[in-house]
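What follows is a single structure, written as structure tokens, with notes after it.
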Amino acid sequence: MNNFENVEKKEIETDIMRYKNNSLSFLLCVIAIVCNVAMFLSLYSNTACTPNFQLGIDLLVNVIFLLSCFLAAEKLKTYNVSWSYVAFAIAGIEILRIFWIPTMYLKSGLEDPLKGLNAGQFTFIVIMMVIAAVSLVGAGIITLIKAKRLNAHLKRIEEGK
Amino acid sequence: MATLKLDHVKKIYDGGVVAVHDFDIDIKDGEFIVIVGPSGCGKSTTLRMIAGLEEITEGHAYVDEKEVTNLASKDRDMAMVFQNYALYAHMTIYQNMAFSLTLRKTDKIEIHKKVMAAAEILNLKDQLNKKPKQLSGGQRQRVALGRAIVRTPKIFLFDEPLSNLDAKLRVTMRREIKLLHQRLNATMIYVTHDQIEALTLADRIVVMSMGHVQQIGSPLEIYSDPNNKFVASFIGNPPMNFIDGKIISDGKKFECDDFSFELDEKRKALLKDYVGKNVILGVRPEHFQEGGDIDAVVTMSEHMGASTLFHCDVQNTHLNVKFEGWIDHADNEIIKLSLKQDLICFFDSETENRIR
Ligand SMILES: Nc1ncnc2c1ncn2[C@@H]1O[C@H](COP(=O)(O)OP(=O)(O)OP(=O)(O)O)[C@@H](O)[C@H]1O
Ligand SMILES: [Mg+2]
């Protein structure tokens, strides 16, 4: 394939975005949601987690996380740039959360296995949270790149008219 | 682009209903064929046999000289457009148009080019991100056309594609289909029960009745030179007047219950075998002229702008008479009529075939 064909192919791929959703970013957001659900199902199923104020707040954070992830999925689907930054923010919060409830329960679990998480469970939870965060960052970056291409393309069309 | 040949095709449904008898036609590359006839005459059945959606009971079908009689529908490379559009409600217009190609795993760049080209032709570029329910009836039908176009089929088949649209839109869409045909230069077969569509669109018209092909010919041939009484009555609006009568005075005169007239030389020669026999006279409303010795009483007049239609009685014989322009005759006024003999037809009263 020569250079000209390559350019033309790129051009058409960009044009297709006018009529197709950003389904890759959408998919990544859904992965983040799924990982987060797996994470808290695993965490809350630990008998050491007894209802208290901190856990209540964490529950709330989880609900907000799921909600904003869902909104981000819908917005990124339509190449919305501002929501890529929201996705980065949610990812950042997800990373910070690792050092709060899971780490707290890991500490108490290391002292007494009946009072907290064992190492295996902790690793699973961390992996889930990291995947969720990475997916969100990925979704955001992809949207930024695609939206830039799409907007430049739309501008060219506009000027061409 | 393709030719289609139907070789004595016949369809018998399971219950023994013979829906199509002996359909025989050679369709040229790029020809626009319209199959027309009253409801239940076997038009859709014929089209579905061509598409491969219905088995051919007897006879053969050939596309580009290659036999397709027993080929599955999907291998025939034809695209069909239905009356009820059959769009997918949950997909955008773009996805609807791309769908058949996506199914065939066509390269997405290729799909995009084809969809955009079709959207350009059909003027749908601004609608591609909408869902079908956000479009008007005419636009939806254009999407259905688009879905056929992107497949670049050998033959386009249409089954009454415009009958769900209102009268005005039908006129517009009719023109668009005509333009589409000129632009794509594709072979198209179009089924309708609307004679105006048939006359305006077709290169050749096939008139069917009760499963039989009555006549195949250009619109002008069908209109001015019908094979039999059925074709004459089906094409033309208002319809042809039919008057039962007899050839008398050694073949010099036509006489019916209520009037008679002298035949000219050509008519005498034409009817020389029918002296003393019953015939049916067929005369179109526009083939009367004022002046003559038929006294007709006007019972009602309809002004249609460019022409005026009079409902007249010659004693017990009812006639529709049409004159050019805006003409006023009061009800019950007597007008004198004669016939443009060059343009009238005679039919055998037993076989109802044209006397030629
Ligand atoms: N599946 C079937 N089984 C048995 N008889 C059928 C079947 N489909 C159609 N017929 C009969 O075949 C004849 C022709 O039907 P067809 O649908 O071809 O008519 P058509 O000319 O398309 O009429 P319309 O203008 O109403 O659509 C009719 O008498 C009909 O009852
Ligand atoms: Mg039909």
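Give me the percent relative contact order of chain A, please, defined on Cα pairs under 8 angstrom at least 6 residues apart.
36
Using the alpha-carbon atoms, what tilt in degrees (0 to 90, nearest 10) does helix B:167-184 show relative to the longest principal axis of chain B?
Roughly 60 degrees between the two axes.
Taking Cα atoms, how many degrees apart are the long axis of helix B:93-103 and the longest axis of chain B, rounded to 10 and kept between 0 and 90?
Approximately 70 degrees, to the nearest 10.
Tell me the mean residue ellipticity at 222 nm calculated for chain A from its helices only (DSSP H runs of n ≥ 4, each -39500 (n - 2.57), averaged over every residue, nearest 500). Don't skip to the answer; put the middle values down first.
Details: 6 runs with 133 residues, N = 161.
Value at 222 nm, helices only: -29000 deg cm²/dmol.
How big, in percent, is the set of alpha carbon pairs in segment A:22-160 lying more than 22 Å apart?
Of all Cα-Cα pairs in segment A:22-160, 43 percent lie more than 22 Å apart.
Restricting attention to the alpha-carbon atoms of the protein assembly as shown, what are Rg (one decimal) and Dmax (integer), both in Å?
Cα only, the protein assembly as shown: 36.5, 129 Å (Rg, Dmax).
Quick one: Cα convex hull volume of segment A:79-161, Å³ per residue? The partial results should precede the final answer.
Numbers: hull volume 5.1 nm³, N = 83.
Considering the Cα atoms of segment A:79-161, their hull volume per residue is 61 Å³.
Note the count of lysine pairs whose C-alpha atoms are less than 12 angstrom apart in segment B:241-348, limited to pairs 8 or more residues apart or on different chains.
On the way: B:Lys246/B:Lys277; B:Lys252/B:Lys266; B:Lys252/B:Lys268; B:Lys252/B:Lys272; B:Lys253/B:Lys268; B:Lys253/B:Lys272; B:Lys253/B:Lys277.
Here the count comes out as 7.
Rounded to whole Å and sorted largest first, what semi-axes of the equivalent ellipsoid does the C-alpha gyration tensor of chain B yield via the square root of 5 times each eigenvalue? Mind dumping the intermediate values first?
Details: eigenvalues 427, 128, 44 Å².
In descending order, the three semi-axes are 46, 25, 15 Å.
For a protection proxy built on the mean count of beta-carbon atoms within 10 angstrom, sort A:95-103, B:143-151, B:4-12, A:50-58 highest first, please.
Peptide ranking by packing, descending: B:143-151, B:4-12, A:95-103, A:50-58.
Dividing the alpha-carbon radius of gyration of segment B:153-233 by 2.2 N^0.38 Å (N being the number of residues), what value is obtained? Present the calculation step by step, with values, prior to reporting the outcome.
Details: Rg = 13.2 Å, N = 81, 2.2 N^0.38 = 11.7 Å.
Normalised by 2.2 N^0.38 Å, the Cα Rg of segment B:153-233 equals 1.13.
Taking every DSSP beta bridge that has both residues in the protein assembly as shown, what percent is antiparallel when rounded to the nearest 5?
Numbers: 57 of 77 bridges.
That works out to approximately 75 percent antiparallel.
Taking segment B:226-299, how much of its Cα-Cα pair set, in percent, is spaced more than 20 angstrom apart? Present the calculation step by step, with values, prior to reporting the outcome.
On the way: 981 of 2701 pairs.
Counting pairs separated by more than 20 Å, the tail of P(r) holds 36 percent.
Highest first, please rank the peptides B:81-89, A:33-41 by the mean number of other Cβ atoms sitting within 10 Å of their residues. Before the final figure, lay out each step's value.
Details: B:81-89: 15.4, A:33-41: 18.7.
Most protected by this proxy first, the peptides run A:33-41, B:81-89.
Under the rule of -39500 (n - 2.57) per DSSP H run of 4 or more residues, summed and divided by the residues of chain B, what mean residue ellipticity at 222 nm is obtained, to the nearest 500 deg cm²/dmol?
Calculated mean residue ellipticity at 222 nm is -7500 deg cm²/dmol.
What residue among B:Tyr13, B:Tyr223, B:Tyr190 has the largest mean-square fluctuation in a Gaussian network model of chain B, using Cα springs under 10 Å?
Checking each option, the largest mean-square fluctuation is seen for B:Tyr13.
From zero outward in steps of 10 Å, how is the percent of C-alpha pairs of segment B:241-348 spread across the bins?
Histogramming segment B:241-348 at 10 Å steps yields 15, 47, 27, 10, 0 percent.
In degrees from 0 to 90, rounded to the nearest 10, what is the angle of the helix A:53-77 Cα long axis to the longest principal axis of chain A?
Around 10 degrees separate the two axes.
What's the average, rounded to a whole number, of partner chain beta-carbon atoms within 10 Å of each residue's beta-carbon in B:101-113? Could you put the intermediate results ahead of the total?
Details: counts 0, 0, 0, 0, 0, 0, 0, 4, 7, 1, 2, 7, 2.
Counting Cβ atoms of other protein chains within 10 Å of each residue's Cβ and averaging gives 2.
Which order, highest average first, do B:61-71, B:282-292 follow once you tally other Cβ atoms within 10 Å for each residue and take the mean per peptide? Numbers along the way, then the final one.
On the way: B:61-71: 14.8, B:282-292: 17.7.
Sorting B:61-71, B:282-292 by mean packing, highest first, produces B:282-292, B:61-71.
Using Cα centres only, tell me the gap between segment A:93-161 and segment B:195-247 in whole Å.
74
Laboratory data are not the source of any read-out in this text; all were calculated from the coordinates shown. Since the structure is predicted, the reported quantities are computational estimates derived from the model, not experimental observations. Glycine gets a Cβ as well: all are built from the backbone with ideal geometry, and neighbour counts include every protein chain shown.
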